[in-house]
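Worksheet: one structure, shown below.
The values are calculated or read from the model by the stated rules, or taken from the named source; none is laboratory data. Values in this document were obtained by computation on a predicted structure and should not be read as measured data. Because the Cβ atoms are built from the backbone with ideal geometry, glycine has one as well, and the counts that use them run over all protein chains shown.
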Amino acid sequence: MKIAIRPRRSVLYMPGSNTRAQEKAKTLPVDGVILDLEDATAPDAKVEAREIIRRTLTERAAFGRRELIVRVNGLDTPWGYEDLVAMAAAGADAILLPKVDSPDLVRRSVAVLEAHGAPEELAVWCMLETARGVLNADAIAQAHPRVTCFVMGTSDLARELDCRHTPMRLPLLTSLGLCLLAAKANGLAILDGVHLDLQDMEGFEAVCRQGRELGFDGKTLIHPRQIEAANRAFAPSEEEVAQARRIIDAWQQARAEGRGVVVVDGRLVENLHVAMAEKTLALHEAIQAMGG
């Protein structure tokens with residue numbers, strides 16, 4: 001399953017049992033919505049939430065270009081198997097598997113989805129939120145062609161590591177780096193974990209900047225007030241877009257003139273810079289197609 005360039009700057013968790021929130025999501029300037037059957041849904045509401053999400057997915061067109069992902073419960077829970085059965089052909093863009101710690105878990109989950117009518121285009125996203133999952137990230141990325149995205153579960157990971165939540169997230173950088181390496185090596189997208197302090201917008205913006213610098217494609221969110229900052233942080237800036245255009249134009253002109261050396265803004269331009277510029281423009285255009 002080849003991954004197309006598409007914006008995933010902001011991907012918002014929505015409780016599976018909250019119909020009002022899911023209705024509101026149709027109007028939010030968010031790139032993706034995770035309809036959550038796991039942590040955000042109480043045990044006594046999980047069966048009802050399944051049906052609520054199924055009804056929401058029948059209104060797929062009303063969400064426009066927003067990506068719709070369903071986070072199911074784990075196969076080791078009383079609800080996981082039936083979640084996969086119910087969501088296999090319900091119309092989601094992707095199924096998000098929680099606490100993935102082995103490629104075998106991915107393959108078993110995919111087998112259930114495919115046995116119950118999952119269309120070819122249904123992607124599988126994997127949450128990496130355990131020490132074992134981080135150590136197995138490369139194997140998980142290669143577990144099945146349906147796997148297209150990693151999602152960091154930094155809250156559960158920090159709990160398992162017994163580490164502190166610090167402003168620069170230094171205790172988590174090794175884990176974040178290993179997952180980024182595995183994702184990039186295998187052509188997967190990768191989303192940063194949530195920021196739980198809704199009052200700390202300065203801190204949220206700082207970790208968004210850090211996530212972009214590290215190489216994440218976007219941020220998972222827990223509240224609509226976080227959308228604007230995430231969209232801004234993970235989108236190419238006006239200067240980045242302008243520079244990308246200058247690089248491509250100069251490269252094309254040099255090739256037309258038979259020149260092998262290209263200098264833009266005082267810097268030597270090589271093939272890799274052109275490829276990066278083309279990716280920047282493709283992402284910019286995809287964001288504009290979503291409404292900016």
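One line per residue, one yes/no per condition, for (1) surrounded by 16 or more Cβ atoms within 10 Å (Cβ to Cβ); (2) in contact with a Ser or Thr (Cβ under 7 Å, 6 or more places away or on another chain); (3) among the basic types (Lys, Arg):
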{"residue": "Val110", "(1), (2), (3)": "yes, no, no"}
{"residue": "Pro119", "(1), (2), (3)": "no, no, no"}
{"residue": "Ala123", "(1), (2), (3)": "yes, yes, no"}
{"residue": "Leu128", "(1), (2), (3)": "yes, no, no"}
{"residue": "Pro145", "(1), (2), (3)": "no, no, no"}
{"residue": "Arg159", "(1), (2), (3)": "no, no, yes"}
{"residue": "Asp162", "(1), (2), (3)": "no, no, no"}
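Any residue at all in the stretch 151-172 that's outside any helix (DSSP H, G or I), in contact with a Phe, Trp or Tyr (Cβ under 7 Å, 6 or more places away or on another chain) and on the phi < 0 side of the Ramachandran plot?
So far as the stretch 151-172 goes, yes, one or more of its residues are outside any helix (DSSP H, G or I), in contact with a Phe, Trp or Tyr (Cβ under 7 Å, 6 or more places away or on another chain) and on the phi < 0 side of the Ramachandran plot.
Cβ-Cβ under 7 Å, sequence separation 6+ or interchain: first residue in the stretch 47-62 and farther than 15 Å from Val33 by Cα and assigned by TED's automatic domain parsing to the domain that holds Thr19, partner part of a helix (DSSP H, G or I) and charged (D, E, K, R). Which pairs?
Arg50/Asp83
Please go through the stretch 204-223 and give me each residue that is among the acidic types (Asp, Glu) and assigned to a helix (DSSP H, G or I), ordered by number.
Hits for the stretch 204-223 are Glu205, Glu213.
Answer yes or no as to whether Asp265 is of a type outside the set (A, V, I, L, M, F, W, C) and surrounded by 13 or more Cβ atoms within 10 Å (Cβ to Cβ).
no
Find the residue count for the stretch 187-206, including only residues that are surrounded by fewer than 17 Cβ atoms within 10 Å (Cβ to Cβ) and in contact (Cβ under 8 Å) with a residue 40 or more places away in the chain.
Final tally of qualifying residues: 2.
Can you work out which of the residues in the stretch 34-48 that are of a type in the set (Asp, Glu) and in a loop (DSSP other than H, G, I, E, B) is nearest to Leu221 (Cα to Cα)?
Asp39
Anything in the stretch 70-109 that is of a type in the set (Lys, Arg) and assigned to a helix (DSSP H, G or I)? List them, or say none.
Those that are of a type in the set (Lys, Arg) and assigned to a helix (DSSP H, G or I): Arg107, Arg108.
Table: residues versus (1) touching a strand residue (DSSP E or B) at 6+ places or on another chain (Cβ under 9 Å); (2) among the aliphatic types (A, V, I, L, M); (3) closer than 26 Å to Ser155 by Cβ.
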{"position": "Asn73", "(1), (2), (3)": "no, no, yes"}
{"position": "Asp76", "(1), (2), (3)": "no, no, yes"}
{"position": "Val85", "(1), (2), (3)": "no, yes, no"}
{"position": "Ala90", "(1), (2), (3)": "yes, yes, no"}
{"position": "Leu96", "(1), (2), (3)": "yes, yes, yes"}
{"position": "Lys99", "(1), (2), (3)": "yes, no, yes"}
{"position": "Arg108", "(1), (2), (3)": "no, no, yes"}
{"position": "Ala111", "(1), (2), (3)": "no, yes, no"}
{"position": "Ala115", "(1), (2), (3)": "no, yes, no"}
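Yes or no, residue by residue, for (1) without any contact (Cβ under 8 Å) to a residue 24 or more places away in the chain; (2) under 18 Å from Gly203 (Cβ atoms); (3) in contact with an Asp or Glu (Cβ under 7 Å, 6 or more places away or on another chain); (4) not assigned by TED's automatic domain parsing to the domain that holds His273:
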{"residue": "Asp217", "(1), (2), (3), (4)": "no, no, no, yes"}
{"residue": "Glu228", "(1), (2), (3), (4)": "no, yes, no, yes"}
{"residue": "Ala244", "(1), (2), (3), (4)": "no, no, no, no"}
{"residue": "Ile247", "(1), (2), (3), (4)": "no, no, no, no"}
{"residue": "Arg255", "(1), (2), (3), (4)": "yes, no, no, no"}
{"residue": "Arg259", "(1), (2), (3), (4)": "yes, no, no, no"}
